[in-house]
1. Which number in (1) at pLDDT below 85; (2) closer than 22 Å to LEU169 by Cβ; (3) hydroxyl-bearing (Ser, Thr, Tyr) marks the one condition that SER51 misses?
2. With ALA72, ALA11, ALA64 as the choices, which residue is within 19 Å of GLN147 (Cα to Cα), part of a helix (DSSP H, G or I) and modelled with pLDDT of 90 or more?
3. Within the stretch 12-39, restricting attention to residues that are among the hydroxyl-bearing types (Ser, Thr, Tyr) and more than 16 Å from ALA161 (Cβ to Cβ), which residue is surrounded by the fewest Cβ atoms within 10 Å (Cβ to Cβ)?
Amino acid sequence: MPTLPTLALFATATMALLLVPGPAVLYIVTRSVAQGRTAGLVSVLGIHTGSLVHIAAASLGITALLAASAAAFAVVKYLGAAYLLYLGIRKLIRRTEAEEAEVKPASPRRLFGEGFVVNVLNPKTAMFYLAFLPQFVDPARGPVAPQVLVLGAVWVALGMASDGTYALLASVLAGRLRSSARARRRLDQGSGVVYLGLGAVAALATEGAKKL
């Protein structure tokens, strides 16, 4: 099982990522503005139910890699660090795009299903979990799968709290929430810095572990 310091570091890194709105938050906010608080919260539930699928898949994949080769596991950690750095650079250089679209009212079942399907079928989400979670896994602490599942549970709990807050705020401030190029650009820059920081920490930590 992860140590308390590892869990604390993971929770801090997770909150840093979650507090910078990404596509999932934009989807939740859009639903909340268009249909109200309930629609936003149901969307949050659907998205993070989908996260459970990715976490389970990551747990099985990481465990299989470690069972096959410790070197392969180390390679995945390095690639994960590189992927986080890539995400940060892309966020910083990406041009702002118009994302306004009319949102049609949907039933709670449809909102939940859409959130679930959109998250499960997003290959970038799967890649992110495979890049992020191994950075906090220590094979010396025992079986990898339980560690990944614990980290995933922390991610989902914090994600539902964070995204639920966005949904509530969006429903309250619906009249004032309007997309703007400047706002989207600042969000991209903020998330880019967070990804770069995580990638650098992951790379350095992996290199340090190699030297020990």
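1. Evaluating SER51 over (1) at pLDDT below 85; (2) closer than 22 Å to LEU169 by Cβ; (3) hydroxyl-bearing (Ser, Thr, Tyr) leaves (1) as the failure.
2. The match here is ALA11.
3. Of the residues in the stretch 12-39, the ones among the hydroxyl-bearing types (Ser, Thr, Tyr) are 12, 14, 27, 30, 32, 38.
Okay, now just the ones that are also more than 16 Å from ALA161 (Cβ to Cβ), so 27, 30, 38.
Details: TYR27: 21, THR30: 20, THR38: 14.
If we take residues in the stretch 12-39 being among the hydroxyl-bearing types (Ser, Thr, Tyr) and more than 16 Å from ALA161 (Cβ to Cβ), then THR38 is surrounded by the fewest Cβ atoms within 10 Å (Cβ to Cβ).
The values are calculated or read from the model by the stated rules, or taken from the named source; none is laboratory data. Just so we're clear, the structure is a prediction, and the values are computed from it rather than from any experiment. Virtual Cβ from ideal backbone geometry, glycine too; neighbours counted across all protein chains shown.
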